[in-house]
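Here's the structure we're looking at; comments come further down.
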Amino acid sequence: MATVELRGIVIATILVSLFSSELHAQEAAGRDRYAGFGCANCHGERGEGASLGPGVATGALSLEEFTAYLRQPTGTMPAYPSDAISDEAVAEMYAYLMSDTPPSQFTGRVDVGAELYRNTGCYQCHSNEAQGGAQGPRLGPNPISFPRFTWYVRNPSGSMPTYTDSVMSDQDLADVYAFLEARAQPPEVSSIPLLAP
């Protein structure tokens with residue numbers, strides 16, 4: 001029995017090692033492609049962001065979203081169709097960028113976030129309690145993930161203005177996000193007498 005267990009452990013170790021080697025090879029290929037296509041010129045060596053382009057190593061986008069944005073970007077970034085960068089190359093770059101995405105180092109403060117939410121004008125489109133309105137969608141409670149939230153605030157679409165880090169720092173965004181997370185759940189429709197069936 002011990003021999004069977006030992007054999008299983010050895011096989012599992014080999015499989016993990018092979019998978020790990022394949023993953024490292026994909027990341028290395030992604031690093032080379034990322035540098036080769038000149039992405040680092042705008043987005044920084046590790047995708048951390050630079051003066052010309054936002055951070056792309058935040059973990060905010062899935063591979064599918066990352067690929068879609070690469071194919072049809074907004075702003076001044078050129079489009080990269082599949083004949084310019086293959087789906088395989090995109091997946092390798094994505095693996096490289098996500099290989100050591102650091103967790104958020106900011107702790108949000110609800111009271112500061114509430115003040116920032118009002119002072120920066122978020123309430124004008126998203127309403128006082130982030131419940132959404134005619135000009136902007138609902139943001140809380142249960143907001144999208146923090147990396148995705150940060151990415152969108154830095155790279156909005158539609159009529160929303162861009163909030164660069166000189167306007168709102170990453171700490172500011174963490175504070176606003178804490179405010180959004182703290183919003184109360186709305187009551188059930190059936191509990192509101194005027195709306196009850």
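The values are calculated or read from the model by the stated rules, or taken from the named source; none is laboratory data. Just so it is clear, the model here is predicted, and its values are computed rather than measured. Cβ atoms come from the backbone with ideal geometry, glycine included; neighbour counts cover every protein chain shown.
When each of 35, 29, 40, 60 is tested for being outside any loop (DSSP other than H, G, I, E, B), in contact (Cβ under 8 Å) with a residue 60 or more places away in the chain and of a type in the set (A, V, I, L, M, F, W, C), the lone residue that passes is 29.
Pairs linking a residue in the range 148-161 that is assigned by TED's automatic domain parsing to the domain that holds residue 122 and modelled with pLDDT under 85 to a residue that is hydrophobic (A, V, I, L, M, F, W, C) and not in a helix (DSSP H, G or I), with Cβ atoms under 7 Å and 6 or more positions apart or on different chains, are 148/60; 151/60; 151/61.
Inside the range 31-56, can you point out the residues that are touching an Asp or Glu at 6+ places or on another chain (Cβ under 6 Å) and either of a type in the set (Gly, Ala, Ser) or more than 14 Å from residue 90 (Cβ to Cβ) (or both)?
As a first pass, look at the range 31-56 and keep what is touching an Asp or Glu at 6+ places or on another chain (Cβ under 6 Å): 33, 55.
Listed by number, the list holds a single entry, 55.
How about the range 37-72: which of its residues are under 18 Å from residue 86 (Cα atoms) and basic (Lys, Arg)? Across the range 37-72, the qualifying residue is only 71.
Counting only helices (runs of 4 or more DSSP H) that sit wholly inside the range 102-159, those with at least 3 residues that are surrounded by fewer than 16 Cβ atoms within 10 Å (Cβ to Cβ) are 110-119. The residues in the range 105-133 that are farther than 19 Å from residue 185 by Cα and either β-branched (Val, Ile, Thr) or out of contact with any helix residue (DSSP H, G or I) (no Cβ under 6 Å at 6 or more places or on another chain) (or both) can be counted, and the count is 11.
Determine whether residue 47 is in contact with a Leu (Cβ under 6 Å, 6 or more places away or on another chain), surrounded by 12 or more Cβ atoms within 10 Å (Cβ to Cβ), closer than 30 Å to residue 163 by Cβ and modelled with pLDDT of 60 or more. Spelling it out, residue 47 is indeed in contact with a Leu (Cβ under 6 Å, 6 or more places away or on another chain), surrounded by 12 or more Cβ atoms within 10 Å (Cβ to Cβ), closer than 30 Å to residue 163 by Cβ and modelled with pLDDT of 60 or more.
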